[in-house]
Amino acid sequence: MAMPLIRKPFRFRRRSKLFRMSRFEKVVVFLLVLFSAFMLLPLVYIFNHAFKPYEELFVYPPTIWARNPSFQNFVELFQMTSDSVVPVTRYIFNSLSVAVLSVIAVTGVSALCAYPLSKHKFPGDKLVFATIMLTLLFAPETVSIPRYLVVSHLGIMNTYWGHILPMVAVPVGVFLMKQFIDQIPNELLESARLDGAREIMVFLRIVVPVILPAVATIGIISFQSAWGNTETSTLFMQDEQMKTFPFFISTLTTNMANNVARQGAAAAAALFMFIPNLIIFLVFQSKVIATMAHSGIK
Amino acid sequence: MNGWIRMKNRMSQRYEGIFLILPWIIGFLLFVSFPLLYSLYMSFHNVRITGTGILHEYVGTKYYNNILFQDGGVFYDQLLPFLRQVLFMIPIIVIFSFMISIMLNQKFLGRGLFRAVFFLPVIFSSGNVIERFLSQGRGQLGFLEQFSISTALTQYLPASWSTPIVSVLNSFVLILWYSGVQILLFLAGRQTISASVYEAARIDGANPWEMFWKITLPAMMPFVLLNTIYTVVDLFTFPGNPIIASVNPTQYGPTSALIWVYFLIILLFMGLVMLLLGRAVRVTTQTR
């Protein structure tokens, strides 16, 4: 008989708490919707800009939605690309292979470097990390001339190495990954070692899965920086066959004396440039979001 | 035999780290540290590229002198407002992304979608997308002018401070776009706090407010430091910032000098952040 008496106030309190939570949730969802509208704005803009006919491209104030969407820009872009000396597919092939290879190289090399920095004591590890922190602060623009010298002395001009190697040693990747690996408890690694796992196994089977969010983030960032990179094509590639798609696009639009001409093609090209980024983002982001919750850390 | 194995183990333990690190170190030495040292060298020289090779002519600290004392126009007029703006933007970005990540950690319908949307700016931030967008005046908030907030600010504050504040408010949307990686890092950091800690606190009668200050915030302090550093780096090396924009690749010597002065300033800034936040992190992790 006593049971319902006790249970009743308890249930009441639980319900009120539930109600409060849902109200809080409503506020949260409202705010998030509001902010995410801003977040999506550039995306909507890029897509619409590519479909705007010429008279809308230069409207001031600029509009976000295209009023009379047309494929005119794409037709123009297609015509321009079809009469280039090197077939445009060659540029796209170069770009794609460079981007994919540098994503693999950057994430692999950064993770390989970050793991011992975080979990092993070896002579000079503090020094290495301090150097990484310092070089984080340099903008990549500062070192383009000496880099040119290095690339020319290594003899990797006009090769894919010239595209990839200068991009590999990025301090940001190592920095981010080290911070993630710092969060892995030593006991986890130690128990794997006790079970007889070799160092490389510990790295591949435990460290990499746990820091997958960081790996995926670096993957996304390095993909888009490699994909959009015109610097290596300008500086290190004299052979037209070895240049990349973004470089080709930039020559289409910047060499024109008249700034108005080809703006439509530029808008269409911007969309083309953006779509691989979006695809890579969509592929990797689920890995990013599936965070450390299920990774066995805590 | 046994001792030999142990020794071999210790040796490999000691040097295994170096082997794993080696590929990165080589790339780093070739493509980062050598170029940096070379640019330091160039900043003291008049560099000319001729048909036969590169000529270096020692000029001492002439370029540094020019930048800092004689022709300070570029430097002080552009850098100081930028520094003030950064000073505002960093805390705003960090706090904002912290709040968003806490919100995104709640359970609600469509959470995965929202997480993806808030991470989306990562793919805008480095490209020319944002620049194109901003140059067309799309990043600004209309209400600042409408409710005359900006005029009020300019009235009550000295111009040297009110302009950066107004421009920060104006670029609020930009702040949203800068915080993609930060939100992600906070979200990942939040997941490292185990649910059982919250459960225990709830059983002890803590309310969400207390739990935030006593559990979430202390546990997140390392990530706050990480994100602050990331934000500083991100803002200072963004291609659109005034110093990077004034880099002139044809004048090797003066440009290198400018970059090194800029670097020292960022270093100072970073040192300050590390000093302040690093202490906070140490205190909170010790009390835990």
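Here, each number is a calculation from the coordinates, and none is a lab measurement. Everything numeric in this text was worked out from a predicted model, so none of it was measured. Here the Cβ positions follow ideal geometry from the backbone for every residue, glycine too, while neighbour counts run over all protein chains shown.
A few points about this structure:
- Long-range amide H partners of B:Asn46 with built H, under 5 Å: B:Glu57, B:Tyr58, B:Val59
- Extending 7 Å from the Cα toward the beta-carbon at both B:Leu68 and A:Phe78 defines two label points whose distance is 6.0 nm.
- For peptides B:256-264, A:162-170, B:55-63, sequence by mean Cβ density within 10 Å, most packed first: A:162-170, B:256-264, B:55-63
- Looking at the stretch A:32-139, the trypsin sites (Lys or Arg not before Pro) that sit in a DSSP loop and have at most 12 other Cβ atoms within 10 Å of their own Cβ are A:Arg67, A:Lys121.
- Spacing of the two label points (7 Å from each Cα toward its C-beta) at B:Ile193 and B:Leu29, in nm: 4.4 nm
- Between B:Ile54 and any residue 5 or more places off or on another chain, the built amide H atoms are never under 5 Å apart.
- For the pair B:Arg282 and B:Asp77, the difference between a 0.36 nm per residue extended length and the Cα-Cα distance amounts to 70.0 nm.
- Scalar couplings 3J(HN,Hα) for the stretch A:118-131, obtained by applying the Karplus form with A = 6.51, B = -1.76, C = 1.60 to θ = phi - 60°, are 8, 10, 10, 9, 9, x, x, 5, 4, 5, 4, 5, 4, 5 Hz; x denotes Gly and Pro.
- Residue pairs exceeding 30 angstrom between C-alpha atoms, taken from A:Lys178/A:Lys287; A:Lys119/A:Lys287; A:Lys121/B:Lys214; A:Lys178/B:Lys214; A:Lys26/A:Lys287: A:Lys121/B:Lys214.
- Debye-sum result for the stretch A:102-152 in log10 I(q)/I(0), which assumes one identical scatterer on each alpha carbon, at q = 0.23 Å⁻¹: -1.02
- Taking 0.36 nm per residue of separation and subtracting the current Cα-Cα distance, fully stretching the chain between B:Ala206 and B:His56 would add 47.2 nm.
- The label point for A:Phe30 and the one for A:Leu127, both projected 7 Å from the Cα toward the Cβ, are 5.9 nm apart.
- Relative packing of peptides A:221-229, B:19-27 - highest average C-beta neighbours within 10 Å first: A:221-229, B:19-27
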